[in-house]
Amino acid sequence: MANKRNGELTRKEKNFCEEYVRNGGNASQAYFYAYDTTIENARKAYCKTFRKPEIKEYIKQLQKAEFEAACITAESIGLKLAEIAF
């Protein structure tokens, strides 16, 4: 089992954060996925994990990266319109 060192997240904590962002913010479902537990236990336990500052920070980083990857710029719209026109 992986231990945290110097504020680093465990693999399960990272999985929790990644699933939380991927599923649109359902923390109990993310806990269920990451910790391989029952949905009932996930509903009871996710808030303890979700409160950790390093968890919140990693989620913010993931959400920012997701937004930047999905961001549509005026330049990309112009290029796509030019592509369609020609």
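The values are calculated or read from the model by the stated rules, or taken from the named source; none is laboratory data. Remember, it's a predicted structure, so these values are computed and weren't measured experimentally. Cβ placement follows ideal geometry from the backbone for every residue including glycine, while neighbour counts extend to all protein chains displayed. Surface areas here come from the heavy atoms of the whole protein model, side chains and all, with no ligands, DNA or RNA. Shrake-Rupley method; radii C 1.70, N 1.55, O 1.52, S 1.80 Å.
Taken about its Cα centre, the chain carries a charge dipole of about 540 debye when Lys and Arg each add +1 at the Cβ and Asp and Glu each add -1 at the Cβ.
Short-range pairs are left out: with C-alpha atoms under 8 Å and at least six residues apart, the relative contact order of the chain is 24 percent. In terms of its C-alpha gyration tensor, the chain comes out prolate, because a/c is 1.5 or above and the ratio a/b outweighs b/c. Within the chain, the whole DSSP H helices whose Cα atoms reach 20 Å or more along their own axis and whose mean Kyte-Doolittle score is at least -1.0 are 53-70.
Counting only protein chain heavy atoms and rolling a 1.4 Å probe, the accessible areas of GLU54, GLU19, GLU83 rank, largest first, as GLU83, GLU54, GLU19.
Note on the stretch 1-81: Lys pairs 8 or more places apart or on different chains, Cα atoms under 21 Å apart, count 25. Modelled this way, with points 7 Å down the Cα-to-C-beta line, the labels at GLU18 and GLU83 are 2.8 nm from one another.
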